[in-house]
Amino acid sequence: MLEQNLFNLTNPQKSIWSQEQFYKNTSLNNIGGTIIIKEKINFELLEKAINKFIELNDSFNIKLCFDDNGSIKQFFSNFIFQKIDLINLNSYDDLLNKEKELIENPFSLLNTPLYKFIMFKFPDETGGIILIAHHIIVDGFACNFVANKIAYIYNCLLNNQQILPDFYSYKDYILSEKEYIKSSKFEKDKKYWNKLFNDVPETVALSTYTNTSIGTFENINSYREIFTLKKDLLSKINDFCNLYKISKYNFFMAIYSLYIGRVNDVTDFVIGTPILNRINFKEKNTTGMFINTIPFRCTFNSNITFTEYLNKIYIQSINMLRHQKYSYEYILDDLRNKQSNIPSLYNILLSYQIGKSNHSETDFNYTVRWTHSSTNSDELDIHLFEYDDTYNSLNIAYDYQIKKFIKSDIINMHLRIINIINQILENPKIKLLNIQLITEKEKEFILNKYNSNMNIPINKTIIHMFEEQVIKTPYNIAISKNGYSINFSNFNNMVNYVANLLKNNGVNIGDKICLFFNNSIELVISIFAVLKLSACYIPIDTSYPNERIEYIIKNSNAKFILTNSLNKNKLINYSDKYIVLNIENIIHECKDKIFDNMENKPTLDNLAYIIYTSGSTGNPKGVKIANESLANYIRMGK
């Protein structure tokens, strides 16, 4: 093959290729779609229509190869008419089973077609086409384009009409991207994203269980749960969006980001969101992989109203769309030049998809729908979509890794989302902090359980209970964060290491120790380490203003402040008091070393922690909680 016939992958394609290297021989990047034609079909003409489409759309002639330097390239093979298989199906259920079977088969990626068409026929001679394509040659938007254009060509063949040449080459996009990289627009986009991610927020998760091993098919296995919004609720949402002049995408991004932030107790994080990345008519009429996933940075103050937050989401969406052409891969590369260990900015993705059949170009009715491949690289992808088979309704699909969630997690999450939506529709100016996340049913359960009388005496502290659990289940997962999990035995060893470190620094019974962490494994280790020493911990929210932080430290008469590298710069006035704990260092120190439990255990009357509340007079008030109260709270929560 001649070198000049080879093309570099575009940035959207490079992102897909990178995933393929990480999740080899899986169906992760398979896209499946089905066209169902609701009349008797001339399958000879339908086969010609499929071939004509392939001939006119060169992204379906893309093949991959390595060049002489071992770099992945693409080339456009010559069109050759191909025989399309026709299968007989007895029912719609047979069709579903066939789709599932086809989409689970991974493609051979090199020097071979990256798609497969199959025609199917029902007993009444209706039927259609199943398409399975690799994401490197097509995206979700292009899939709908494929369906509509094949239907259009088939209609032209049925009626002996001329096929109009509204088809464009993916080569033009390859060339335009090269020009973009050299342009001032590229530099402006780069400046925008570098400023937006001058620092890197914490990666959030919604799963309660994570597994450390990644990169295997087993760990990206996923299920899909689909919910359809009731028409009266959707009507109210449409009215709301029209009133506030925002899109449903903005509305749902605000809803889901609020939920994710509140559950994680963070106010600065990222949700991935795929955007069209087609900026003109020509690109909107070209098949191929264009989609770019942008990292949507969500920041909010719990004291603002929902409408204020929604307006912020709207403005940020507009700004991001202006700079959508700058690849997510570029953003990560820029960040990794400053901090090499950044794996990704998000673990949850939200997309809004509209896929309508263009019946104005055909004399017959047809529907289009898409198939989930049962694999997911993120722990959770949330897809909101309006397709033909959901006319005048909105479906919400949750694609979730089965290593991270169970079905009831997803059902409960969706019920909470609906609960949040109803509160907002009733009171759009409700403050974010006043929005209840849990449903009324969950609230009733919690109140009833926590209000029930338990006369069993408290005789164990949380440290006694914890160390007993370590003995019972040493290899069960004790804590997980951002894909990293620690079993009970190793977690207890880390706690003992930190407890010894604090003891050697002079921490004694009853000493006050401030904990200045974001939600992290270091925070939980520190809590248990302080309690093991019969000392008292005082949590301080890292988002507090400096005045409040200083007040709590001084008012509590804290002996030390425990923090990590991420937050130590906020404590420059207390460099003589803080001790830095990073999980990487703790893991290193505990490797191949065993640290024993403390001989002296805390007693029930020892002070466990002090929590500072807002206070009505301005300064926060410290509320003291003993180990007995903490143990009772933990027991009631079982």
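Among the residues of the stretch 299-338, those that are assigned to a loop (DSSP other than H, G, I, E, B) and either over 22 Å from the mean Cα position of the chain (by Cα) or not aromatic (Phe, Trp, Tyr) (or both) comprise Asn301, Ser302, Asn303, Ile304, His323, Gln324, Lys325, Ser327, Asn337, Lys338. Looking at the stretch 415-426, which of its residues are in contact (Cβ under 8 Å) with a residue 24 or more places away in the chain and over 23 Å from Ala397 (Cβ atoms)? Result: no residue meets the conditions. Of all residues in the stretch 557-579, exactly one satisfies the criterion of being within 23 Å of Gly622 (Cα to Cα), hydroxyl-bearing (Ser, Thr, Tyr) and without any contact (Cβ under 8 Å) to a residue 40 or more places away in the chain, namely Tyr574.
Scanning the stretch 478-510 for residues that are on the phi > 0 side of the Ramachandran plot and more than 30 Å from the chain's Cα centre (by Cα) returns Gly506, Gly510.
Evaluation of Asn459 against the conditions (1) closer than 14 Å to Phe595 by Cα; (2) surrounded by fewer than 16 Cβ atoms within 10 Å (Cβ to Cβ) shows that the sole unmet condition is (1).
Of all residues in the stretch 411-444, those that are surrounded by fewer than 16 Cβ atoms within 10 Å (Cβ to Cβ), hydrophobic (A, V, I, L, M, F, W, C) and farther than 22 Å from Phe240 by Cα total 2.
Identify all residues within the stretch 541-556 that are in contact (Cβ under 8 Å) with a residue 60 or more places away in the chain and under 32 Å from the mean Cα position of the chain (by Cα); write none if there are none. Passing the criteria: only Ser543. Against the numbered list (1) surrounded by fewer than 19 Cβ atoms within 10 Å (Cβ to Cβ); (2) without any contact (Cβ under 8 Å) to a residue 40 or more places away in the chain, Ile294 comes up short only at (1). The residue pairs whose first member lies in the stretch 320-339 and is touching a residue at least 40 places away in the same chain (Cβ under 8 Å), whose second member is of a type in the set (Phe, Trp, Tyr) and part of a loop (DSSP other than H, G, I, E, B), and whose beta carbons are closer than 8 Å, counting only pairs six or more residues apart or on different chains, are Ile331/Phe197; Asp334/Phe197; Leu335/Phe197.
For the structure I just gave you, tell me whether Glu386 is of a type in the set (Asp, Glu), crowded, with 16+ Cβ neighbours inside 10 Å and closer than 26 Å to Val204 by Cβ. No: the conditions fail for Glu386.
May I ask you to list the residues in the stretch 279-321 that are basic (Lys, Arg) and closer than 16 Å to Asp189 by Cβ?
First pass over the stretch 279-321, keeping only residues basic (Lys, Arg): 282, 284, 297, 312.
Within the stretch 279-321, just Arg297 meets the criteria.
On inspection, Lys282 fails the criterion of being open to solvent by 40 Å² or more (accessible area, probe 1.4 Å) and under 23 Å from Leu432 (Cβ atoms).
Condition test on Leu89, is it surrounded by fewer than 19 Cβ atoms within 10 Å (Cβ to Cβ), over 21 Å from Asn285 (Cα atoms) and at pLDDT 95 or above?
The answer is yes for Leu89.
The number of residues in the stretch 1-18 being in a helix (DSSP H, G or I) and not charged (D, E, K, R) comes to 9. Residues considered: Lys83, Lys63. Of these, the only one that is farther than 17 Å from Tyr173 by Cα and open to solvent by 30 Å² or more (accessible area, probe 1.4 Å) is Lys83. State all residues of the stretch 110-136 that are more than 18 Å from Ile35 (Cβ to Cβ) and either open to solvent by less than 10 Å² (accessible area, probe 1.4 Å) or touching a Lys or Arg at 6+ places or on another chain (Cβ under 9 Å) (or both); if no residue qualifies, say none. Answer for the stretch 110-136, where residues must be more than 18 Å from Ile35 (Cβ to Cβ) and either open to solvent by less than 10 Å² (accessible area, probe 1.4 Å) or touching a Lys or Arg at 6+ places or on another chain (Cβ under 9 Å) (or both): Leu110, Asn111, Thr112, Pro113, Leu114, His134, Ile136. Inside the stretch 130-169, residues that are in contact with a Phe, Trp or Tyr (Cβ under 8 Å, 6 or more places away or on another chain) and not aliphatic (A, V, I, L, M) make up a count of 7.
Being on the phi < 0 side of the Ramachandran plot and either in contact with an Asp or Glu (Cβ under 6 Å, 6 or more places away or on another chain) or at pLDDT 95 or above (or both), is that true of even one residue in the stretch 217-225? Yes - at least one qualifying residue is present in the stretch 217-225. Within the stretch 470-496, the set of residues being open to solvent by less than 70 Å² (accessible area, probe 1.4 Å) and part of a helix (DSSP H, G or I) comprises Val470, Phe488, Ser489, Phe491, Asn492, Asn493, Met494, Val495, Asn496.
Tell me whether the stretch 464-481 contains one or more residues that are at pLDDT below 80 and within 13 Å of Ala631 (Cβ to Cβ).
Checking the stretch 464-481: not a single residue is at pLDDT below 80 and within 13 Å of Ala631 (Cβ to Cβ).
Checking each residue in the stretch 233-267 for being farther than 19 Å from Glu386 by Cβ, crowded, with 20+ Cβ neighbours inside 10 Å and either of a type in the set (S, T, N, Q) or free of Cβ contacts under 8 Å to residues at least 12 places away in the same chain (or both) picks out only Ser257.
The strands (runs of 3 or more DSSP E) found wholly in the stretch 19-106 include none carrying at least 2 residues that are out of contact with any helix residue (DSSP H, G or I) (no Cβ under 9 Å at 6 or more places or on another chain) and under 30 Å from Tyr400 (Cβ atoms). Exactly one residue out of Leu349, Leu380 is at pLDDT 90 or above and open to solvent by less than 10 Å² (accessible area, probe 1.4 Å), and it is Leu380.
The values are calculated or read from the model by the stated rules, or taken from the named source; none is laboratory data. All of these numbers come straight from a predicted model, not from anything done at the bench. Virtual Cβ from ideal backbone geometry, glycine too; neighbours counted across all protein chains shown. The protein model used for the area step is the full one, side chains on, heavy atoms only, and it has no ligands, DNA or RNA in it. Shrake-Rupley method; radii C 1.70, N 1.55, O 1.52, S 1.80 Å.
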